[in-house]
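The values are calculated or read from the model by the stated rules, or taken from the named source; none is laboratory data. In this text the structure is predicted, and so the values were computed from the model without any measurement. FYI the Cβ positions are ideal-geometry reconstructions off the backbone, even for glycines, and counts take in every protein chain you see. Ligands, DNA and RNA are stripped out before the accessible areas are found, and what is left, the full protein with its side chains, is counted by its heavy atoms. Shrake-Rupley method; radii C 1.70, N 1.55, O 1.52, S 1.80 Å.
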Amino acid sequence: QVQLVESGGGLVQAGGSLRLSCAASGRTLNNYAMGWFRQTPGKEREFVASIWWSGDRTGYADSVKGRFTISRDNARNTVYLQMNSLKPEDTAVYYCAARIRILTEYAYWGQGTQVTVSS
């Protein structure tokens, strides 16, 4: 059982930066992978970035590669998404998710945090 709570969303100007946090609670987190997803009205939820609780595996969507960085603090059970050079098209509700890393489906989801990038 994993519970996730996102925070750090807000309104920023294009070109600005924002850091999202995802606080996770649960057992055996070392066996999990964490992901960030985003969704805008009328669109499907899309993958943004992922990281393992243990090991160095990371992944990024092409649309954010070079601008966003996912990281973790195992002691705090927290995953971060540092977003730089933000663009209006980055506007979305950002969700934190968790899965057993041997699987492909993310079984646990947070409630989301709104990120709005103005022109």
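In table form, for the structure just shown:
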| quantity | calculated |
| --- | --- |
| Fraction of accessible area attributable to carbon and sulfur, the range 1-108 (%, probe 1.4 Å) | 46 |
| D62/A107 FRET efficiency (R0 25 Å; Cβ-Cβ; nearest 0.05) | 0.50 |
| Accessible surface, per residue, of the chain when the full set of protein chains is kept, probe 1.4 Å, Å² | 55 |
| For R101, residues with placed amide H under 5 Å, excluding near neighbours | Y32, A33 |
| Net charge contributed by nearby residues that have their C-beta within less than 12 Å of G112 (K/R +1, D/E -1) | +1 |
| Cβ-derived FRET efficiency at R0 41 Å, Q3 paired with T116, nearest 0.05 | 0.95 |
